[in-house]
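Asks: Starting off with a structure, shown below.
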Amino acid sequence: MVKTAKMQDKPLRKLIAGNWKMNGLRSNVNEVKRLATLIGKAPANADIAVCPPSTILFQMAQAAKGSLIRLGGQDCHVSKAGAHTGDISADMLKNAGARYVIIGHSERRTDHGETNALVAQKMEAAHEAGLVAIMCLGETLSERKSGKALSVIGAQLRGSVAKTANAKNTVLAYEPVWAIGTGLVPTNAEIIAAHRHLRKNLVRLMGNDGLKTRILYGGSVKPSNADEILNLANVDGALVGGASLKASDFIQIIRSLG
Ligand code: PGA
């Protein structure tokens with residue numbers, strides 16, 4: 001396994017977050033109860049979050065009460081409230097029981113034309129509401145093939161991080177677009193290089209907090225590869241899509257932390 005020295009003094013507490021995307025009906029709410037039972041009462045050696053569609057967020061938050069699982073939204077508007085049909089604000093997510101919100105996911109950057117500047121505004125809105133923003137970035141396959149992956153994610157980072165960001169209210173998720181939902185995963189060396197580059201840029205942007213800000217890896221994380229990925233330098237957790245939908249899969253990823 002390829003490893004390089006960590007830039008941090010000690011490893012950061014990991015975060016394993018599930019991104020349910022546009023999946024999940026009321027009949028799936030109990031999946032979070034199943035997960036809570038599997039995790040048990042023992043202090044987890046990581047923070048655990050599930051980000052369901054907002055239609056079942058409140059119910060899931062109720063179902064997860066008393067467990068170690070925290071809830072998250074998948075996007076938020078830049079405003080607190082107002083005439084924005086179909087949108088949801090960070091305050092609303094918080095009110096429904098969220099601790100986290102994913103912002104700038106590549107599916108939103110692609111499907112909804114979200115720019116770095118908009119993502120930065122969303123991050124600020126999340127912070128104002130008291131949510132932890134999980135900000136996603138990652139290169140496309142053509143950017144990777146043309147050798148631009150690091151410069152692309154560096155630019156995304158610099159453009160998408162709000163001035164309000166600190167190590168407590170912000171998490172990054174490096175998600176190569178070509179690895180999302182495809183079963184393809186970068187090599188260990190590619191993940192290490194990307195996370196090292198993000199860490200360097202975080203320190204430039206945030207000073208000491210840049211060392212303490214968690215950087216998750218996301219893109220086809222499964223029970224079979226979680227252990228290896230989660231042990232790489234500067235990988236402080238995972239953002240998991242497909243494999244987070246079933247408690248029986250997600251628990252294996254959580255347990256791979258040992
Ligand atoms: P995946 O999705 O694990 O299904 O590849 C990850 C994500 O998009 O957050």
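Asks: Would you mind telling me which residue in 129, 238, 81 has the biggest mean-square fluctuation in a Gaussian network model of the chain, where springs connect alpha carbons within a distance under 10 angstrom?
Replies: Evaluated over the chain, the most mobile residue of the options is 81.
Asks: Restricting to DSSP loop positions (anything but H, G, I, E, B) with no more than 15 other Cβ atoms inside 10 Å of their own Cβ, which trypsin sites (Lys or Arg not before Pro) remain in region 21-114?
Replies: Qualifying residues, ordered by number: 41, 65, 80.
Asks: Tell me the net charge near residue 248. Cut-off is 12 Å between Cβ atoms, residue 248 excluded, with +1 for each Lys or Arg and -1 for each Asp or Glu.
Replies: Summing Lys/Arg as +1 and Asp/Glu as -1 gives +1.
Asks: With both partners inside the chain, how many of the DSSP beta bridges are antiparallel, as a percent to the nearest 5? Walk me through the numbers before you get to the answer.
Replies: On the way: 0 of 32 bridges.
Antiparallel bridges make up about 0 percent of those DSSP assigns within the chain.
Asks: Tell me the net charge near residue 222. Cut-off is 14 Å between Cβ atoms, residue 222 excluded, with +1 for each Lys or Arg and -1 for each Asp or Glu.
Replies: Net of charged neighbours comes to -1.
Asks: Of all the C-alpha pairs in region 129-221, what % are more than 20 Å from each other?
Replies: On the way: 1349 of 4278 pairs.
Here the long-distance tail beyond 20 Å is 32 percent of all Cα pairs in region 129-221.
Asks: Name the residue from 46, 157, 115 whose Cα lies farthest towards the positive end of the charge dipole of the chain, charges +1 on Cβ of Lys and Arg and -1 on Cβ of Asp and Glu.
Replies: Selected residue: 46.
Asks: Give me the distance between the Cα centres of region 183-226 and region 23-67, rounded to whole Å.
Replies: Each part's Cα centre sits 25 Å from the other's.
Asks: With r as the distance between the Cβ atoms of residue 111 and residue 27 and R0 = 45 Å, compute the FRET efficiency 1/(1 + (r/R0)^6) and round to 0.05.
Replies: It comes out at approximately 0.95.
Asks: A further question follows. Exceeding 30 Å between C-alpha atoms, which entries from my cross-link table qualify? They are 41/222; 94/148; 10/163; 21/65; 168/246.
Replies: Those over the limit are 94/148.
Asks: Only Cα pairs under 8 Å and at least 6 apart count here; give the relative contact order of region 154-213 as a rounded whole percent.
Replies: Working: 38 pairs, mean separation 28.4, N = 60.
Relative contact order, region 154-213: 47 percent.
Asks: With the cut-off at 1.5 for a/c, could you classify region 1-142 from its C-alpha gyration tensor as rounded, prolate or oblate?
Replies: On the way: a/c = 1.67, a/b = 1.07, b/c = 1.57.
Oblate shape, in that a/c is at least 1.5 and b/c is the bigger or equal ratio.
Asks: Another one. For a quick check, take a GNM of the chain with Cα springs below 10 Å and name the residue from 134, 229, 56 with the largest mean-square fluctuation.
Replies: Most flexible of the set in this elastic network: 56.
Asks: Something else: Please give me the summed charge of the neighbours of residue 13: other residues whose Cβ is under 11 Å from its Cβ, Lys and Arg +1, Asp and Glu -1.
Replies: That works out to +2.
Asks: How high is the relative contact order of region 140-258, in percent, counting Cα pairs under 8 Å that sit 6 or more residues apart?
Replies: Numbers: 169 pairs, mean separation 30.7, N = 119.
The normalised contact order for region 140-258 reaches 26 percent.
Bear in mind that the values in this text are calculations on the coordinates, not laboratory data. Here the structure is a predicted model, which is why all the values come from computation and not from measurement. Positions of Cβ are backbone-derived with ideal geometry, glycine not excepted, and every protein chain shown enters the neighbour counts.
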